[in-house]
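Novice: Structure incoming, see below.
The values are calculated or read from the model by the stated rules, or taken from the named source; none is laboratory data. In this text the structure is predicted, and so the values were computed from the model without any measurement. Here the Cβ positions follow ideal geometry from the backbone for every residue, glycine too, while neighbour counts run over all protein chains shown.
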């Protein structure tokens with residue numbers, strides 16, 4: 001199927017695409033709705049008809065990021081790695097591929113959470129993503145036969161977060177290689193130890 005051109009996208013899709021670019025590049029609270037509307041090339045009423053408020057646009061942006069991340073990781077794990085043990089480390093390889101892409105600004109959820117109030121839509125969407133991510137590591141650790149799957153999953157989440165922040169804040173795409181090495185050692189110790 002051919003990709004839609006900007007002219008073929010609905011106002012909602014254009015708003016979400018514009019918000020995705022601007023919110024990721026500059027932050028969910030520093031970007032006003034007027035900039036999103038201008039980038040999307042739609043009328044202001046389109047934003048309110050499609051989302052109702054900026055908060056709901058932010059929620060939709062994070063939900064779309066969540067869905068895309070899950071798809072990218074799930075698809076990559078399913079097609080590139082044969083065992084649960086390989087998939088535990090494979091998560092780091094898949095994420096590491098993003099570190100060297102132009103415009104990489106870390107995790108959308110970390111960025112949005114850093115500038116948002118507790119209890120709002122950002123926290124809700126971030127909690128959902130984080131829950132999925134922790135469960136991914138936990139399920140893979142169990143499947144791989146880790147002696148203490150919960151501890152291994154917690155350790156891998158911490159390494160993952162550190163790699164994401166290091167790649168972004170230190171502008172160091174080699175953080176992926178370090179994370180892969182540490183994750184491999186943790187997985188080996190947890191399964192073979």
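Novice: Scan region 62-76 and tell me whether some residue there is surrounded by 14 or more Cβ atoms within 10 Å (Cβ to Cβ), assigned by TED's automatic domain parsing to the domain that holds residue 169 and more than 28 Å from residue 8 (Cβ to Cβ).
Specialist: Scanning region 62-76 turns up at least one residue that is surrounded by 14 or more Cβ atoms within 10 Å (Cβ to Cβ), assigned by TED's automatic domain parsing to the domain that holds residue 169 and more than 28 Å from residue 8 (Cβ to Cβ).
For (1) at pLDDT below 95; (2) over 23 Å from residue 168 (Cβ atoms), each residue gets a yes or a no:
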| position | (1), (2) |
| --- | --- |
| 3 | yes, yes |
| 30 | yes, no |
| 48 | yes, yes |
| 62 | no, no |
| 92 | no, no |
| 98 | yes, no |
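Novice: If a residue counts only when it is closer than 18 Å to residue 167 by Cβ, which helices (runs of 4 or more DSSP H) contained entirely in region 1-120 have at least 3 such residues? Give the steps one after another, and end with the answer.
Specialist: Working: elements: 11-26, 33-40, 44-50, 54-80, 84-99, 108-114.
Once the helices (runs of 4 or more DSSP H) in region 1-120 are filtered for at least 3 residues that are closer than 18 Å to residue 167 by Cβ, what remains is 54-80, 84-99, 108-114.
Novice: State whether one or more residues within region 185-193 are in a helix (DSSP H, G or I) and under 20 Å from the mean Cα position of the chain (by Cα). Steps first, answer last, please.
Specialist: Our first condition is that a residue be in a helix (DSSP H, G or I); within region 185-193, this holds for 185-192.
Now narrow it down to the ones that are under 20 Å from the mean Cα position of the chain (by Cα): none.
No, there is no match, as no residue in region 185-193 is in a helix (DSSP H, G or I) and under 20 Å from the mean Cα position of the chain (by Cα).
Novice: Within the group 181, 144, 167, which residue is free of Cβ contacts under 8 Å to residues at least 40 places away in the same chain, assigned by TED's automatic domain parsing to the domain that holds residue 75 and under 20 Å from residue 76 (Cβ atoms)? Walk me through it before giving the result.
Specialist: Details: 144 fails: free of Cβ contacts under 8 Å to residues at least 40 places away in the same chain; 167 fails: free of Cβ contacts under 8 Å to residues at least 40 places away in the same chain.
From the options 181, 144, 167, the qualifying one is 181.
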